Amino acid sequence: MVYDNDEYIAYADPDTVSRAGDLAQMRDLIDLKSPRSSPYGKQHASSTAHSEFDCRNSRIRTIAFSLHSGQMGDGDLVETVAESNRWLPVAPGTLLGVLLQLACSQA
């Protein structure tokens, strides 16, 4: 576990980190404490992501993202998002900030 709040628990596996220069990739899982609807109205209870982090410029982009009907990435696949070339800034103190710090601290 890397982050816990009233809405979800976030997990990241340092064993999935790969590093190439200033870029790091890592997989994470978000387990919702209560199911919710996606922007497209589909109920989900967890999500999994494969992200790339720019360690030098504190930003992130999605390689793969999936919503699941069950807890801990189980159940039916509800939605998926394909790779994005768009980089988004990462603010310190947020979940993405914690994930960036973890991914970028790995050798």
Sorted by Cβ neighbour density within 10 Å, fewest at the top, the residues Ser34, Ser46, Ser84:
Ser34, Ser84, Ser46
Residue among Met26, Leu88, Tyr8 farthest towards the positive dipole end of the chain, charges placed on Cβ
Leu88
Remind me, what semi-axes does region 3-105 give for its equivalent ellipsoid, largest first in whole Å, using sqrt of 5 times each Cα gyration tensor eigenvalue?
24, 14, 12
Cut-off is 10 Å between beta-carbons; in what order do His44, His50 appear when sorted fewest neighbours first?
His50, His44
Quick check on the chain: helices-only [θ] at 222 nm, where DSSP H runs of length 4 and up contribute -39,500 (n - 2.57) each and the sum goes over total residues. Nearest 500, please.
-3000 deg cm²/dmol
HN-Hα J in Hz across region 45-59 - Karplus 6.51, -1.76, 1.60, θ = phi - 60°, x for Gly and Pro
10, 7, 9, 10, 9, 10, 10, 10, 10, 9, 5, 6, 10, 6, 9
Taking H placed 1.01 Å from N in the peptide plane, check which residues at least 5 places from Lys33 or on another chain put their amide H under 5 Å from its amide H.
Tyr8, Ile9
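No value in this document is a laboratory result; all are computed from the given coordinates. Predicted, not measured: the structure shown is a model, and the values here were computed from it. Neighbour counts are summed over all protein chains in view; Cβ atoms, including those assigned to glycine, are modelled from backbone coordinates with ideal geometry.
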